[in-house]
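Remarks on the structure that follows.
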Amino acid sequence: MSEEHKLSMSIDIEKLTKTYDSFAALDDVSLSIKSGEFLSLLGSSGSGKTTLLMALAGFVRPDAGSIRFGGREMIFEPPHKRDVGMMFQSYALFPHMNVFQNVAYPLKLRGYKRADIRQRVEQALATVELDHLIERGITEMSGGQRQRIALARAIVFEPKILLMDEPLSALDKRLRETMQLELRRLHERLGMTVVYVTHDQREALTMSDRIAVMSKGRIRQIDTPVNLYERPANRFIAEFVGESSCLPITLQGGQALFQGRALRGANAAGGLKNPSLVVRPEKLQFVPAEASDYNLLRGHVADVIFQGESQLVQIDLGEGMSVAIRRPTNSSEGNRLPARGDAVVLGLHVQDTLLVGDDQ
Ligand code: ADP
Ligand code: MG
């Protein structure tokens, strides 16, 4: 792993289509990934993430479209000529081989010389901090260690592109969160282009430079974590990324109203299909009845849920609508928490007032 040489490659995907019988697993997918970028494909199960990753790796042959690495067409290149490292949810390590042999495997496949192999394997294992276990058997390793070995194997031949398909989903929460930060640091250090598949929106927000949200074989929005969270393009994204309630609004002469009052600071609702107000639990505050700078939502406390570091207060807004508001447990008003049934006024800052429409 020569750290002076940050080697990476751009990926340009154009109008990629893959159908199984008449079912479109990929439906006209176009996406450009910058050289050195960490891009996540985020979507629920069956949305086409793995199919797209396998098309990049060369294990799935698309029906139509183009995949270029560094400007060069890859569609007809076999997997071993694509210079991509891969890591999967199941470690896919060889149980009958020891750590060294597992990590050396891709190098042997590519015809590296024996001495070169030894040195590169040692370096890759040092990168994942397992060089002291080089002669151990795979079955003696914990889940976290196995995942690191799989990572060492994916990067040992210094691929310019690293593809990862839910690599952490078999690990428990604590280890998963540690590995998320480790993978991020590794990417910063080695600088290869990463395409990372996950169904976990928090993981995608934590790790990525940009996130492409997929559903039904299509990319619904692609943006930075902050923009995706703060400016979801539509209701589907607003509800999929982070917690949110989408509250139906009414329109009067182009003006958006909620509970009969004009929403200040809102984006234009014209052109939105079934426009609704996006409300996230941490954007709401309990406010006095006439707070300036806030749009007000009036309701009654339905429930107060203790969640450790925070409390989630469920508010019934009438007409079948409800929202949740999140407050830190150590809040100074902690002792004056509203009780079930209390009438409350919630403030949503005008700058946080966002309307979205249904996905068209
Ligand atoms: P994800 O990784 O987002 O869960 P996949 O890319 O694995 O989704 O699958 C997308 C859709 O394509 C799913 O509905 C899946 O059943 C279908 N699919 C994937 N591979 C095949 C295959 N080899 N044959 C038939 N259908 C497939
Ligand atoms: Mg998958």
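The values are calculated or read from the model by the stated rules, or taken from the named source; none is laboratory data. These numbers come from a predicted model, not from an experiment. Here Cβ is always computed from backbone atoms with ideal geometry, including for glycine, and neighbour counts include all displayed protein chains.
Per-residue answers, yes or no, for (1) free of Cβ contacts under 8 Å to residues at least 24 places away in the same chain; (2) of a type in the set (A, V, I, L, M); (3) surrounded by 19 or more Cβ atoms within 10 Å (Cβ to Cβ):
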position	(1), (2), (3)
Lys283	no, no, yes
Ser292	yes, no, no
Asn295	no, no, yes
Ile305	yes, yes, no
Gln314	yes, no, no
Arg326	no, no, no
Val345	no, yes, no
Val350	no, yes, no
Leu354	no, yes, yes
query: Which residues, counting only those in region 73-95, are in contact (Cβ under 8 Å) with a residue 60 or more places away in the chain and basic (Lys, Arg)?
result: Arg82
query: In region 209-234, which residues are among the polar types (S, T, N, Q) and either touching a Cys at 6+ places or on another chain (Cβ under 9 Å) or more than 14 Å from ligand 1 (Cβ to nearest atom) (or both)?
result: Gln221, Thr224, Asn227, Asn234
- prompt: So which residues in region 158-183 are in contact with a helix residue (DSSP H, G or I) (Cβ under 6 Å, 6 or more places away or on another chain) and surrounded by fewer than 17 Cβ atoms within 10 Å (Cβ to Cβ), if there are any at all?
  reply: Leu175
task: Would you please list the contacts, defined by Cβ atoms under 9 Å and residues six or more apart or on different chains, that run from a residue in region 263-276 that is hydroxyl-bearing (Ser, Thr, Tyr) to a residue that is surrounded by 11 or more Cβ atoms within 10 Å (Cβ to Cβ) and assigned to a loop (DSSP other than H, G, I, E, B)?
output: Ser276/Ile249; Ser276/Gly357; Ser276/Asp358
field: Residue in region 199-208 that is in contact with a strand residue (DSSP E or B) (Cβ under 7 Å, 6 or more places away or on another chain), more than 16 Å from ligand 1 (Cβ to nearest atom), of a type outside the set (Ser, Thr, Tyr) and at pLDDT 90 or above present
entry: yes
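Would you mind finding the one in Met179, Met164 that is in a strand (DSSP E or B) and either of a type outside the set (Gly, Ala, Ser) or more than 16 Å from ligand 1 (Cβ to nearest atom) (or both)? Give the steps one after another, and end with the answer.
On the way: Met179 fails: in a strand (DSSP E or B).
Just one listed residue meets the conditions, Met164.
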query: Within region 22-37, how many residues turn out to be surrounded by 14 or more Cβ atoms within 10 Å (Cβ to Cβ) and within 16 Å of ligand 1 (Cβ to nearest atom)?
result: 7
statement: Among the residues of region 182-210, the number that are within 16 Å of ligand 2 (Cβ to nearest atom) and either hydrophobic (A, V, I, L, M, F, W, C) or assigned to a strand (DSSP E or B) (or both) is 5
statement: Taking region 114-132 and keeping only residues that are surrounded by fewer than 12 Cβ atoms within 10 Å (Cβ to Cβ) and either in contact with a Leu (Cβ under 9 Å, 6 or more places away or on another chain) or among the acidic types (Asp, Glu) (or both), one is left with Asp116, His132
query: Within the set of pairs 6 or more residues apart or between chains, which connect a residue that is modelled with pLDDT of 95 or more and near ligand 1 (Cβ under 9 Å from one of its atoms) inside region 47-60 to a residue that is outside any loop (DSSP other than H, G, I, E, B) and among the basic types (Lys, Arg) with Cβ atoms less than 6 Å apart?
result: Thr51/Lys18
